[in-house]
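Read the structure below first, then the notes.
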Amino acid sequence: MTWVEKIKWGMLIALALPTLPIPGGTACAQSERVRTVAMITWRGETDAERGFMEGLDRGVHKIVIQPHHAAQSVDRLHGIIRALQERPVDLIYVFGTTATQRLLSRINTTPVVFNVVSLPVATSIVASWPRSGCNAVGVSNQVPVGQQLKAFLNTCEFDRLGIVYNPLEQNSLVQKKQVETLSRDFGFSLHPFPISGKADIENTLTGISGRVDAVYIPADSLIKSLGREIVSQLNAQHIPSMSAVESMVPDDGVLLGLVPSYRELGLAAAQKANRILAGESPGDIPSATLDHFQFWVNMRTAEAIGIQIPLSTLIMADRIVR
């Protein structure tokens, strides 16, 4: 029998045999379906997005990432949301409080995983940490403000603390309120410096050295985007600063930071996405914060502004910028 005849004979046998169900066949078919994940970034790709993509379980699902960059433009963000309404995807990843709030106000069926949202309950993004009550779940970059202030005071004492914040951002206002509440316990006075755009920086921060001893910078996308200009004003006036944003210490010259790792935030968000893609409802998955943080010290800034960093602070530091 030739090889052609063997193939024909085998095909006839196969056609004659009854078709048997394959165990797990439906699950296999589902896992092999391509899943499209739309990724909405607010101020460009960060380590949070790189960690998210790294943590997606591509061994179980075929995943296609559909990038959308809002470029800190609300109009552009609304255009992205309209496109996702017209052509729904399997899951949406979104960065930051502003983008998450606006997305959820218009899309309430597609599963959403948010990331780098400091106060998801206080800003009404989710109903509670254990259960969101909606189509979203995610990861917060929140670090207890009390821990940040304690680390700040242990490094450089102050009686008058300034806070640079965005008055147009609810998340920033909530953090300001937290610092204001804690000021009574820690025994300092709080002095607010609102900045809602680049034009405010010089007018707001020029000559503040006589009014404050140090400045706290909460987590906020606008303030981060203006970080270099803001911190250069502070450092020129020899004012020590602490930030709640990881990259502002090495990139912008902030003196201190007690911060979450953006990569770890991304990996944690990916675990939420993996559970959703496996069939769980986002409303049944708890939102979370990280349980560990990094303490950054910028020795270049310390030298430039004439601050002596205590040995106890250097011993505690996870990262030292030299």
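Some values worked out for this structure:
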read-out: Distant-in-sequence amide H partners of ALA244 (H built 1.01 Å from N, under 5 Å); value: ILE217, ALA219
read-out: R0 of 51 Å, Cβ-Cβ distance ASN108-LYS198: FRET efficiency to nearest 0.05; value: 0.90
read-out: Charge dipole magnitude, Cβ of K and R +1, D and E -1 - region 173-322, Cα centre, debye nearest 20; value: 80
read-out: Tensor-based shape of region 41-132 (alpha-carbon gyration tensor, a/c under 1.5 rounded, otherwise prolate or oblate); value: rounded
read-out: Length-normalised contact order for region 168-297 - Cα pairs under 8 Å, 6+ apart - percent; value: 18
read-out: Cα-based convex hull volume of region 116-165 per residue, rounded to whole Å³; value: 102
read-out: Placed amide H near GLN294: partners under 5 Å, 5+ positions off or other chain; value: VAL259, SER261
read-out: Computed E for ALA122/VAL64 - FRET, C-beta separation, R0 45 angstrom, nearest 0.05; value: 0.85
read-out: Zone of SER209's modelled label, taken as backbone nitrogen in region 235-249 under 12 Å from a point 7 Å along Cα→Cβ; value: 235-240
read-out: Relative contact order [Cα under 8 Å, 6+ residues apart], region 77-146, whole percent; value: 29
read-out: Separation of alpha-carbon centers, region 32-69 and region 103-146, rounded to whole Å; value: 18
read-out: Helical mean residue ellipticity (222 nm; -39500 (n - 2.57) per DSSP H run of 4+; nearest 500) of the chain; value: -12000 deg cm²/dmol
read-out: Given (1) 5, 24, 28, 19, 11, 5, 3, 3, 2, 0; (2) 5, 25, 32, 22, 9, 3, 2, 1, 0; (3) 5, 23, 30, 22, 13, 6, 1, 0, the label whose value is P(r) over Cα pairs in 10 Å bins from 0, in percent derived from this model; value: (1)
read-out: Most mobile listed residue (GLY283, GLY79, GLY59) in the chain, GNM with C-alpha springs under 10 Å; value: GLY59
read-out: Degrees separating the helix 170-186 axis from the principal Cα axis of the chain, which is the longest one; value: 50
read-out: Average Cα contact separation per residue, region 58-112, under 8 Å, 6 or more apart, as relative contact order %; value: 32
read-out: Fully extended contour minus Cα-Cα distance, from ILE320 to SER183, at 0.36 nm per residue; value: 46.6 nm
read-out: Separation in nanometres of the label points that stand 7 Å from Cα toward Cβ, at GLU86 and LEU311; value: 6.6
read-out: 3J(HN,Hα) from dihedral phi, region 228-241, Karplus parametrisation 6.51/-1.76/1.60, rounded to Hz, x for glycine, proline; value: 4, 5, 5, 5, 4, 5, 5, 5, 5, 9, 6, 9, x, 9
read-out: Summed side-chain charge close to ARG322 - residues other than ARG322 whose Cβ falls under 11 Å, Lys, Arg +1, Asp, Glu -1; value: +1
read-out: Carbon + sulfur, % of accessible area of the chain - ligands and nucleic acids excluded, 1.4 Å; value: 53
read-out: Which of LEU56, VAL164, GLN148, positive extreme of dipole for the chain (C-beta unit charges); value: LEU56
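The values are calculated or read from the model by the stated rules, or taken from the named source; none is laboratory data. Because the structure is a prediction, the values reported are computed rather than measured. Note: ideal-geometry Cβ built from the backbone for every residue, glycine included; neighbour counts use all protein chains shown. In case anyone asks, the SASA skips ligands and DNA or RNA and just uses the protein heavy atoms, side chains included. Shrake-Rupley method; radii C 1.70, N 1.55, O 1.52, S 1.80 Å.
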